[in-house]
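Participant: Here it is, the structure, as structure tokens.
Values quoted throughout were computed directly from the atomic coordinates according to the rules given, and no laboratory measurement underlies them. A quick note: this is a predicted structure, and the numbers were derived from the prediction, not measured. Methodologically, a virtual Cβ is constructed for each residue, glycine included, from the backbone with ideal geometry; neighbour enumeration extends over all protein chains shown.
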């Protein structure tokens with residue numbers, strides 16, 4: 001493999017600088033206000049809320065959500081440390097992602113895989129810009145998925161160690177990951193495929209069995225006794241099945257194709273051997289993707305966990321002969337360019353780089369509103385025809401999100417109303433206790 005050992009760390013440094021430079025342009029968005037409101041204003045009033053499968057869509061309306069107690073706690077704890085400093089939230093996500101990458105590389109070393117495999121894995125993941133971008137810059141996705149990824153990677157690393165005490169800690173970190181997101185449950189399937197790939201089933205079957213027992217207990221508890229979020233119940237149709245499936249196939253296969261097309265004469269032999277070794281991992285990877293199929297939308301944040309573990313399994317499965325002559329820097333460059341272009345196209349389409357200004361201005365506006373005698377806030381919302389998808393609800397939030405934002409700074413209750421652009425006088429009747437403002441993407445002003 002014609003690459004220096006320092007190349008993965010050079011890439012990590014590059015992306016760290018990139019996210020540092022990007023951070024002033026980003027801010028909190030719609031779901032973030034809901035998550036902050038639930039954790040920061042509701043949780044301290046009732047700490048038993050940690051263990052409920054519920055969520056307050058508005059400060060007074062509770063609905064069924066997911067069972068993610070440690071995620072709620074992480075949001076609350078991070079807010080105590082960072083407040084509204086979005087830069088610190090972003091860098092926390094990125095440090096956790098890099099930590100997950102580090103432990104994944106160390107686990108490959110512990111399992112006697114060559115250094116070239118861990119280097120390839122790190123370079124492919126870092127170059128796959130679409131895998132980590134959304135989770136780093138979005139607080140809601142980031143504080144859910146980045147700690148989950150870190151804990152799962154740490155669990156695999158501890159599992160790969162020889163001493164029993166590390167195996168026990170592997171089980172503990174696996175349980176902690178379950179409290180961040182339900183998709184953590186299926187990690188034992190990855191561990192099972194891993195011991196098959198390393199021919200260590202006889203040595204590892206006891207600790208592997210403990211992970212499977214934990215998985216089954218959790219699934220019985222979660223699926224048998226706790227309610228489901230009705231908003232995430234899949235509704236399969238041609239559109240809701242094929243759209244997210246095609247997104248996953250495109251993004252997850254991108255680094256595969258770049259690697260295989262750069263194996264030259266080894267292409268078919270590498271493909272044949274790789275598929276045979278990769279097959280046991282596919283059951284786990286399918287379960288990571290399956291819950292996201294059947295929805296009329298696709299969140300880029302969903303790519304982090306499947307992308308990370310797919311690349312991990314892929315690098316384990318590759319034949320050594322392919323790794324020896326891999327043009328690694330070329331592979332990294334092509335993977336980055338292709339994944340970056342897809343993200344950049346969507347960012348430009350949504351006008352995303354202009355969102356931060358609106359979000360900060362509206363946050364400051366609501367924060368500085370006086371509590372005394374204020375009853376209603378009216379915001380006229382106008383859409384830029386060049387960015388029709390950048391609606392107020394998507395960029396900033398719906399009325400429920402704004403109520404959570406208000407409660408982060410005030411103790412009274414206020415009604416928020418979003419009015420159509422160019423609305424008549426019925427939306428602008430001056431009265432005591434009313435405040436008016438106008439949002440004309442991306443500009444915002446109080447009236």
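Participant: Using 7 Å Cα-to-Cβ label points, what is the residue 13/residue 253 separation (nm, one decimal)?
Facilitator: Spacing of the two 7 Å Cα→Cβ label points: 3.7 nm.
Participant: Go through 379-392, 306-319, 84-97 and give me the packing order, highest mean Cβ count within 10 Å leading.
Facilitator: My ranking of the peptides, most packed first, is 306-319, 84-97, 379-392.
Participant: Taking the alpha-carbon centroid of each part, what is the distance from region 79-109 to region 374-409 in angstrom?
Facilitator: Value for the Cα centre distance between the two parts: 30 Å.
Participant: Also, I was wondering about something else. Using only Cα atoms, tell me the angle between helix 139-160 and the longest principal axis of the chain; keep it within 0 to 90° and round to the nearest 10.
Facilitator: 20 degrees
Participant: Starting from the Cα of residue 47, step 7 Å along the direction of its Cβ; do the same at residue 221; then give the gap between the two resulting points in nm.
Facilitator: 1.9 nm
Participant: Taking every pair of alpha-carbon atoms in region 354-446, what share in percent sits in each 5 Å bin, from 0 to the bin with the longest distance?
Facilitator: Taking all Cα pairs of region 354-446, the binned fractions are 3, 13, 26, 26, 19, 10, 3, 1 percent.
Participant: For the pair residue 384 and residue 236, what calculated FRET efficiency results from E = 1/(1 + (r/R0)^6), where r is the Cβ-Cβ distance and R0 = 35 Å, to the nearest 0.05?
Facilitator: Taking R0 as 35 Å, the efficiency between residue 236 and residue 384 is 0.55.
Participant: I've got another one for you. Any idea what angle helix 238-261 forms with the longest principal axis of the chain, computed on alpha-carbon atoms, 0 to 90 degrees, nearest 10?
Facilitator: 50 degrees
Participant: Let me ask another. Please give the calculated 222 nm ellipticity per residue for the chain, where each DSSP H segment of at least 4 residues contributes -39500 (n - 2.57) and the sum is spread over every residue; nearest 500 deg cm²/dmol?
Facilitator: The helix contribution divided over the chain gives -20000 deg cm²/dmol.
Participant: Nearest 10 degrees, 0 to 90: what angle lies between the long axis of helix 355-367 and the longest principal axis of the chain (Cα atoms)?
Facilitator: Once rounded, one gets 50 degrees.
Participant: Return the FRET efficiency for the residue pair residue 246, residue 432: r is the Cβ-Cβ distance, R0 is 56 Å, and the value is rounded to the nearest 0.05.
Facilitator: Result of the calculation: an efficiency of 0.55.
Participant: Could you tell me the calculated FRET efficiency between residue 413 and residue 350, based on Cβ-Cβ distance and R0 = 41 angstrom, to the nearest 0.05?
Facilitator: 0.80
Participant: Quick one: if you stick a label point 7 Å off each Cα along the C-beta vector at residue 61 and residue 6, how many nm between them?
Facilitator: About 5.7 nm separates the two model spin labels.
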